[in-house]
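*Asks:* Can you read through this structure? Questions will come right after.
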Amino acid sequence: MFNFWKNLSVVKKLYIVVGGMALLIALELGTLVFALTTLSSVRAFVGGEGLWSKAQKNAIHSLTSYIFTKDKTYYDDFHAHMQIPLGDRHARLELMKPHPDIKEVYAGFAQGGIHADDIPGVIRVLQRFGEISYIKAAVTAWTKADNLLDALIKKSEELRLLFSEPSIDQEKVKKILADINRLNAQLTEYETEFSSVLGEGSRWLENLLMVLLILAVATIEGTGLLLTFSFAKNLNRSLLELNHATSEIGKGNLGMTVPVHSRDELGQLAESINKMSHDLDANISKRLLAENANQVKTLFLANMSHEIRTPLGIILGMTEILKDPQVSEEEKRKYLDVIESTGHNLARLINDILDITKVESGHLEVEYEAVQLEGLMQEVDTMMALKAAKAGTALKFNLQDRLRKMEVATDRNRLKQILVNLINNAIKFTHDGQVQVDVGTIGQDIYFEVSDTGIGIPQSMQSSLFQNFFQADTSSTRKYEGTGLGLVLSRKLARSLGGDVVLKRSAPGEGSVFRLTIPQREVDQIPAKETEKLSEESKHFLRGFRVLIVDDSEDNQILIQHHLKKYGVVCDTASDGVQAIQKAQDNPFDVVLMDMQMPQMDGYSATRKLRENGYQKPIVALTAHAMKEDRDRCISVGCNDYLTKPIVSEQLYKTLLELTHSHPGNMVLSKAK
């Protein structure tokens with residue numbers, strides 16, 4: 001019931017409150033009318049009893065006068081007076097029947113001298129309250145008195161006969177007079193009993209009706225006031241809450257919500273305001289995130305430009321020097337070493353970028369193998385010892401004895417890559433200090449803690465360490481080089497292995513501790529699927545496969561065709577989206593390789609247009625944009641899969657073979673069968 005009231009509209013609540021008040025007032029008036037009519041009926045009943053008693057006394061008086069005067073007029077008066085109690089008796093006896101004749105009842109009470117307007121009230125009293133003890137006792141006394149009327153009439157007949165004789169027996173007259181007096185005394189007794197009981201009943205009924213009337217008035221008025229007060233209170237509370245919420249939202253407090261107390265118009269308005277606040281907050285948050293992402297990417301590109309141009313400048317400069325015939329052999333070897341070292345740094349930078357794109361696009365391959373922890377640590381030590389020595393930093397490895405001969409199933413190269421990244425960072429930010437690598441177990445995981453005594457990381461920067469492209473120092477005078485990809489890549493690689501990389505603790509001037517965890521997976525648990533590679537035989541299933549290569553770069557077209565044609569794939573090319581749509585619809589290609597950035601019409605528009613035209617064949621996106629949002633955008637316009645540039649041949653073959661299994665009508669699958 002409470003929920004029903006809450007969910008009613010405000011208008012319906014008003015109707016109910018006003019209608020309820022009107023109904024309650026009507027009930028109150030009805031109760032009052034009932035009380036008045038009932039009391040009036042009791043009054044009429046009491047009045048009827050008075051007429052009965054008066055008529056009976058007059059009848060006795062007339063009969064007595066008849067005895068002493070022998071005047072027949074008094075005898076006739078006796079019978080005239082007796083008509084009143086006899087009429088009441090006739091009405092009473094008719095009412096006692098299961099199905100009384102109301103006309104007969106009316107006639108009886110009218111004979112009894114009761115006013116016509118009072119007769120319905122007397123009938124209601126006898127019918128409605130006939131079983132009440134007071135009325136029942138009064139009716140019993142009335143019945144007893146009525147039974148004596150016949151005896152009184154009989155005595156009058158005896159007198160009439162006695163007085164009609166020539167000689168009157170005075171003894172008989174005296175005896176009849178004594179009987180009449182005795183009957184009169186009994187009638188008086190019954191009349192007194194009737195009046196007394198009826199008086200008590202009248203007072204009881206009056207008190208009962210008064211109590212009922214008071215209770216009805218109190219209930220009706222209380223209910224009305226409660227409904228009015230409750231409705232007004234809830235309305236006022238909701239309006240104040242709505243006003244406060246809109247004021248706070250106007251001030252920019254978008255986290256403000258309005259309590260929803262009901263499902264009426266006010267509750268719906270509160271929900272609408274809450275939704276508006278949430279949508280505004282979400283939209284503003286998205287805008288801020290987008291602005292922040294753009295800013296971070298801009299900073300990253302500027303930094304990347306510096307990081308790439310610097311080694312390229314060194315390589316080009318050293319190459320120019322090597323062309324000088326006056327450079328000695330010793331100097332040439334020195335410059336070649338510089339070129340080689342710089343080339344390795346540039347390759348590492350590009351590899352990091354490629355790894356990030358692979359992780360973001362979901363194409364990172366994890367190759368599980370048995371890895372001995374002690375051997376891996378020795379290998380990493382050998383790789384990083386020279387750099388640590390150049391920085392004047394002591395590099396130490398602590399491996400728990402029970403782990404020295406342990407073998408775990410993981411990707412050796414990816415694990416080594418993460419450790420090298422973490423140690424390289426630690427060495428870069430530590431001079432004349434110490435970097436220590438501790439290896440142990442925690443629960444079901446193996447941990448690698450890389451701690452240093454370097455410059456540390458401010459608290460305000462720690463929450464952003466693992467964001468894409470983040471660097472603590474983005475100024476033009478920054479002391480430490482780097483792309484800001486190392487920690488991001490390390491965490492993504494660790495999670496692809498089932499573990500994680502976290503900053504355990506750090507403080508400015510006190511160094512940092514990073515923890516890498518990987519699952520302690522047994523060697524016999526190496527998943528077969530993760531270690532399987534494409535066989536040469538499976539690649540030959542591509543023979544006869546028809547592929548449309550859509551790319552505005554002829555070099556890319558030539559490169560992709562080179563990879564595909566050696567396994568018998570039939571290739572065709574298109575240079576923009578318009579050509580791609582035409583050729584795809586006119587020729588039975590099995591797959592379309594769609595570059596997403598092209599002149600005239602890009603790959604997004606071309607893919608969307610093909611799908612709108614009902615094209616059902618697989619479309620694979622080709623793009624150098626390799627973030628997750630780029631992949632999602634390609635899939636959203638209708639691409640079945642996604643490949644990043646530069647194209648890796650193994651991934652290309654694998655994608656094409658997977659698409660054959662998802663599209664059974666392709667020729668390659670039928671050949672494979």
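*Asks:* Please go through segment 362-393 and pick out each residue that is at pLDDT 85 or above, in a loop (DSSP other than H, G, I, E, B) and either acidic (Asp, Glu) or surrounded by 15 or more Cβ atoms within 10 Å (Cβ to Cβ) (or both).
*Replies:* Within segment 362-393, Tyr368, Ala391, Thr393 meet the criteria.
*Asks:* For segment 277-332, which positions are at pLDDT below 65 and small (Gly, Ala, Ser)?
*Replies:* Correct list: Ala293, Ala302, Ser305.
*Asks:* Being among the charged types (D, E, K, R), surrounded by 15 or more Cβ atoms within 10 Å (Cβ to Cβ) and either assigned to a helix (DSSP H, G or I) or modelled with pLDDT under 90 (or both) is the requirement here; does Lys416 meet it?
*Replies:* So Lys416 passes the test.
*Asks:* Every residue in segment 403-418 that is aliphatic (A, V, I, L, M) and either outside the structural domain of Gly486 (by TED's automatic domain parsing) or closer than 14 Å to Arg495 by Cα (or both), please.
*Replies:* Leu415, Ile418
*Asks:* Separate question: Could you count how many residues in segment 394-403 are touching a Gly at 6+ places or on another chain (Cβ under 9 Å) and either in a helix (DSSP H, G or I) or farther than 24 Å from Gly498 by Cα (or both)?
*Replies:* Adding up the residues that qualify gives 2.
*Asks:* Related question: How many of the residues in segment 160-173 are out of contact with any Lys or Arg (no Cβ under 7 Å at 6 or more places or on another chain), without any contact (Cβ under 8 Å) to a residue 24 or more places away in the chain and either part of a helix (DSSP H, G or I) or surrounded by 15 or more Cβ atoms within 10 Å (Cβ to Cβ) (or both)?
*Replies:* 5
Quick grid of which residues meet (1) more than 30 Å from Leu177 (Cα to Cα); (2) assigned to a helix (DSSP H, G or I); (3) at pLDDT 85 or above:
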residue	(1), (2), (3)
Gln56	no, yes, no
His61	no, yes, yes
Tyr75	no, yes, yes
Ile84	no, yes, yes
Arg89	no, yes, yes
Tyr106	yes, yes, yes
Gly121	yes, yes, no
Gln127	yes, yes, no
Ala141	no, yes, no
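*Asks:* Could you tell me how many of the residues in segment 210-239 are of a type outside the set (Val, Ile, Thr) and under 16 Å from Ile25 (Cβ atoms)?
*Replies:* 10
*Asks:* Would you confirm, using the coordinates I've provided, whether Ala141 is buried (at least 19 other Cβ atoms within 10 Å of the Cβ), more than 15 Å from Ala91 (Cβ to Cβ) and either free of Cβ contacts under 8 Å to residues at least 24 places away in the same chain or among the aliphatic types (A, V, I, L, M) (or both)?
*Replies:* So Ala141 passes the test.
*Asks:* Looking at segment 150-159, can you tell me whether even one residue there is among the hydrophobic types (A, V, I, L, M, F, W, C) and outside any helix (DSSP H, G or I)?
*Replies:* There is no residue in segment 150-159 that is among the hydrophobic types (A, V, I, L, M, F, W, C) and outside any helix (DSSP H, G or I).
*Asks:* How many residues, within segment 488-504, are at pLDDT 90 or above and under 15 Å from Gln462 (Cβ atoms)?
*Replies:* The total comes to 3.
Condition check ((1) in contact with a Pro (Cβ under 9 Å, 6 or more places away or on another chain); (2) of a type in the set (A, V, I, L, M); (3) surrounded by 16 or more Cβ atoms within 10 Å (Cβ to Cβ); (4) assigned by TED's automatic domain parsing to the domain that holds Asp630) across all residues:
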position	(1), (2), (3), (4)
Phe545	no, no, yes, yes
Ile558	no, yes, no, yes
Val569	no, yes, yes, yes
Lys583	no, no, yes, yes
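*Asks:* Could you pull out every one of the strands (runs of 3 or more DSSP E) wholly within segment 565-673 that has 2 or more residues that are within 16 Å of Phe545 (Cα to Cα) and at pLDDT 90 or above?
*Replies:* 570-574, 591-595, 619-623
*Asks:* Can I ask one more? Every residue in segment 573-602 that is of a type in the set (D, E, K, R) and farther than 20 Å from Leu657 by Cβ, please.
*Replies:* Asp576, Lys583, Asp586, Asp595, Asp602 - these are the residues of segment 573-602 that are of a type in the set (D, E, K, R) and farther than 20 Å from Leu657 by Cβ.
*Asks:* Considering only segment 190-205, state which residues are loosely packed, with under 14 Cβ neighbours inside 10 Å and charged (D, E, K, R).
*Replies:* Listed by number, the list holds a single entry, Arg203.
*Asks:* Quick check: is even one residue across segment 25-42 touching a Gly at 6+ places or on another chain (Cβ under 7 Å), at pLDDT below 75, surrounded by fewer than 18 Cβ atoms within 10 Å (Cβ to Cβ) and not assigned by TED's automatic domain parsing to the domain that holds His261?
*Replies:* So far as segment 25-42 goes, yes, one or more of its residues are touching a Gly at 6+ places or on another chain (Cβ under 7 Å), at pLDDT below 75, surrounded by fewer than 18 Cβ atoms within 10 Å (Cβ to Cβ) and not assigned by TED's automatic domain parsing to the domain that holds His261.
*Asks:* Taking segment 446-469, which residues are in contact with a strand residue (DSSP E or B) (Cβ under 7 Å, 6 or more places away or on another chain) and either of a type in the set (Gly, Ala, Ser) or under 21 Å from Val488 (Cβ atoms) (or both)?
*Replies:* Tyr447, Phe448, Glu449, Val450, Ser451, Asp452, Gly454, Gly456, Ile457, Gln462, Leu465
*Asks:* Do we find that Leu226 is within 30 Å of Ser41 (Cβ to Cβ) and surrounded by fewer than 15 Cβ atoms within 10 Å (Cβ to Cβ) in this structure?
*Replies:* no
*Asks:* Tell me, please, whether a residue that is within 20 Å of Gln83 (Cβ to Cβ) and either outside the structural domain of Ala44 (by TED's automatic domain parsing) or not basic (Lys, Arg) (or both) can be found in segment 194-204.
*Replies:* Yes, the conditions are met somewhere in segment 194-204.
*Asks:* Between Lys154, Lys103, Lys97, Lys136, which is among the basic types (Lys, Arg) and farther than 26 Å from Thr37 by Cβ?
*Replies:* Unique residue meeting the criteria: Lys154.
*Asks:* Could you look through segment 81-118, keep only residues that are in contact (Cβ under 8 Å) with a residue 60 or more places away in the chain and over 21 Å from Ala145 (Cα atoms), and pick out the one that is surrounded by the fewest Cβ atoms within 10 Å (Cβ to Cβ)?
*Replies:* Among those that are in contact (Cβ under 8 Å) with a residue 60 or more places away in the chain and over 21 Å from Ala145 (Cα atoms), it is His115.
The values are calculated or read from the model by the stated rules, or taken from the named source; none is laboratory data. Small disclaimer: the values here were computed from a predicted structure and weren't measured. Cβ coordinates were reconstructed from backbone atoms using ideal geometry, including for glycine residues, and neighbour counts include every protein chain displayed.
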